Amino acid sequence: MRAVNHACGVRATWLKPGARRVMGGAFFSVLLAISTTFSDASAQSPLPDAPASAAAPNVRPPAPDEAMRAFGLVESWVRSGTTPAQAPDAPACIASVTLRIDAQIVGRGTDAASDRDALLRATRAAMAEASAFLNLPNDALADERRREAFARARIEIELGGSLIPFSPLSFAEVDQTLRPGLDGVAARFGDRVACVFPSAMLVANDTPAQALAAAISRASGDATLAMPMTREGQPGVIASRHGAAYYRFISVHLAQEAPGAPAHFLFRAGGITDGATFDADAIATMGEIIAHHLGRLAPVTGGPGVDGVYWPLLGQSEPDETTPLDLALAAIALKEFSGTVQSIPGRAGAAMDASATALRLMQRLSQMGDAAMRDPGTAAATRVALVMVLRDIYADDSELGSLTDRALKATADIYTMDKGFSPACTERCKPLVVYMMTALSEPGSHQRGLAEDALRRLYRETKPEMLVAHMPWLGRAEIIAAAEQVPAAAALREMREATWRHQLTHDDAGPDAPDLVGGIVFTSSRVLLPTWQTARPLSFLATMIRDPRLTDEKDRAGELARALASLRFVRQLCIDDDAAALALDPSVALGGVRASLWDQRLAPEAAALALISTSETLRTLRWMSLNTPDAR
């Protein structure tokens, strides 16, 4: 099913019916896998003040059916505007309740008591905070006003298992021990307990260590106690001097996309993309939604827009201005996607929309003035994008003509045979400059000779382990310039092998982190941190599969499987219906690509490279269907 318009913008149905995200019992099995990790530790470390003979605490959160019933209880209380004296039907758990009205968090309540009334108390706290936020008067019409206001609320709940003691000595140890976006944290000072749920960490873009510092501040009442940059402010020192105790917990997370809509389960504030059903149709739909999101950089009149890096859970941009390079890269990605899907049945409209969006982006770039072309990489990307956009414009466009002149002037002396790259050309600029020089020159021309000299120089200057940072532009330039053989074929194959060695498999991620599968880890840290940078090598590795000079026929199937696994991870980073439920404005966030699964920032460059990876993978799937003997 395609993306369709609805009241709050564009809604994505990412997978075909019956092949949606991993939810329900299958989803909950992931939580059980996580809880198993903690079982032994919790059995050996009873909570403070618990009787010695007490049974080991249940670290597992409520089961799916219990969680759904709990959500129903909360919704009934919120919609009625009142809460009962007790809640005997609620599960015994720690609880967090969040209320959103008109794209704002208006109320949040948490309770760490782990009894059956914890959910009730958390709901009361959220409703009280919402009433104060909305400035609802406490008069004869108070109940009616609350019901009217809370009828517009989107509800989100998190239900956690028992608090599990752990004793980190440093904040660095906290980040090494806990799973970002999955583990909650709590701190106890005497009878005061403060907890931070995973969703709150995601909203604030906090690491587990930052969340524990916040819990320490709230539980102790001293905002200066937890100081991660000092020895005295470490959790171990605080525990020994102040009698503090620390805990972790896992939770089940439910939210609704709209007021009154059914609740759905979330995993790290989203769903889990099933690689088994991630086919060409799902990939093309993924591309459509990313393309639509990039259109927010230059919205049509009256439409919502974004600038710079967007924080969907906060509804803010930082910095508050889109860079010229963002616009140029997005235009390139959109034109490539348009050309990729225009011949796919049912996708012609998406192709036209992507092409029109690319034109709007370049028109916005043309209005930025001469300063926009000071960066050589931006000028190079702009020249490439202009060639792609102007190819489809039949009427004169004086604004784009002026932009072309400025980009040409900015790149006129960017590289010479004797001096090499201009001092203004940074390491980040060089691959874009080389790609521009190669792509826009004719074979045998002086300009092509200059481009090939720059290409070989950049290879000589780049350490083998750093080649991946120059993708896809350096790889593309190599293929364009190559004749019968690819001079850097060995280096590109070695880069590919090194990349796949850093790709997370199911065994690497383990049963408690299936959303990480396919991600590329570009660090020697023992903490697994795949990010949107996975799209950088993927945007060229998918291309390599189609080139017989770089990939033997016998290796194509294996290379495609690895590329699809990484694209599945990139898809996991995309804001879909599930993840958009937590955004302040779902229609703006939809289709953005998160920096990581626990860093919600949406950067235009991440979306652009994700869209390029999508296009290249679709091209490769099509090419293999036509060139693989068994497929014909």
(message) Which of the three applies to the stretch 275-631, rounded, prolate or oblate, going by the alpha-carbon gyration tensor with a ≥ b ≥ c and a/c under 1.5 meaning rounded?
(response) rounded
(message) Can you give me the angle between helix 348-366 and the longest principal axis of the chain, using Cα atoms only, in degrees from 0 to 90, rounded to the nearest 10?
(response) 80 degrees
(request) Measure nothing fancy, just the Cα-based angle from helix 376-390's long axis to the longest principal axis of the chain, in degrees from 0 to 90, nearest 10. (result) 80 degrees
(message) Please give me the summed charge of the neighbours of CYS195: other residues whose Cβ is under 15 Å from its Cβ, Lys and Arg +1, Asp and Glu -1.
(response) 0
(request) Could you tell me how many degrees, from 0 to 90 and to the nearest 10, lie between the Cα long axis of helix 118-133 and the main elongation axis, the longest principal axis, of the Cα atoms of the chain? (result) 70 degrees
(request) Convert 20 °C to kelvin, take the viscosity as 1.002 mPa s, use the Kirkwood radius over C-alpha pairs of the stretch 466-524 as Rh, and evaluate the Stokes-Einstein diffusion coefficient in µm²/s, rounded to a whole number. (result) 163 µm²/s
(message) What distance in nm separates the two pseudo spin-label positions at ARG622 and SER217, each 7 Å out from Cα along the beta-carbon direction?
(response) 5.2 nm
(message) Using the crude model of +1 on Lys and Arg Cβ and -1 on Asp and Glu Cβ, and no other charge, please compute the dipole size for the stretch 275-631 relative to its Cα centre, in debye to 20.
(response) 660 debye
(request) Would you tally the net charge around GLY109, using a Cβ to Cβ cut-off of less than 9 Å, leaving GLY109 out, and scoring K and R as +1, D and E as -1? (result) +1
(request) Quickly rank 407-414, 360-367, 536-543 as a protection proxy: mean count of other C-beta atoms within 10 Å, highest first. (result) 536-543, 360-367, 407-414
(message) Quick check: pseudo-label points 7 Å beyond the Cα along Cα→Cβ at ASN58 and LEU141, how many nm apart are they?
(response) 4.5 nm
(message) Past 25 Å, Cα to Cα: identify those pairs from LYS430/LYS463; LYS335/LYS463; LYS335/LYS419; LYS335/LYS554, in the order given.
(response) LYS335/LYS463; LYS335/LYS419; LYS335/LYS554
(request) Taking all pairs of distinct Cα atoms, average 1/r, flip it, and tell me the Kirkwood hydrodynamic radius of the stretch 59-181 in Å to one decimal place. (result) 15.5 Å
(request) Return the whole-Å distance between the Cα centroid of the stretch 460-519 and the Cα centroid of the stretch 606-628. (result) 16 Å
(message) Report the per residue volume, in Å³, of the convex hull enclosing the C-alpha atoms of the stretch 23-266.
(response) 132 Å³
(request) Apply the Karplus parameterisation 6.51 cos²θ - 1.76 cosθ + 1.60, with θ equal to phi minus 60°, to every residue of the stretch 252-257 and state each ³J(HN,Hα) to the nearest whole Hz, in sequence, with x for glycine and proline. (result) 9, 10, 10, 8, 10, 6
(request) Set the Förster distance to 30 Å, then compute FRET efficiency between SER76 and ALA204 from the Cβ-Cβ distance, nearest 0.05. (result) 0.55
(request) Please list, in chain and number order, the residues 5+ apart from ARG594 or on another chain whose amide H is under 5 Å from its amide H, with Hs placed from the backbone. (result) CYS574, ILE575
(request) Would you tally the net charge around ILE94, using a Cβ to Cβ cut-off of less than 9 Å, leaving ILE94 out, and scoring K and R as +1, D and E as -1? (result) -2
(request) Please give, to one decimal in nm, the separation of the simple spin-label points placed at MET227 and SER240, each 7 Å out from Cα toward the Cβ. (result) 1.7 nm
(message) Which one, VAL517, ALA557, ALA113, is farthest towards the positive end of the dipole of the chain when Lys and Arg carry +1 and Asp and Glu -1 on their Cβ?
(response) ALA557
(request) Let me know the charge dipole size of the stretch 23-266 about its Cα centre in debye, to the nearest 20, where only the beta-carbon of Lys, Arg (+1) and Asp, Glu (-1) is charged. (result) 120 debye
(request) Grab the DSSP H runs of the chain that are 4 residues or longer, score each as -39,500 (n - 2.57), total them, divide by all residues and round the 222 nm result to the nearest 500 deg cm²/dmol. (result) -14500 deg cm²/dmol
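Quick note: the coordinates plus some simple rules give every number you see, no bench work behind them. Just so you know, these numbers come straight off a predicted model, no measurement behind them. Heads up, the Cβs are rebuilt from the backbone with ideal geometry, glycines too, and the neighbour counts pull from every protein chain shown.
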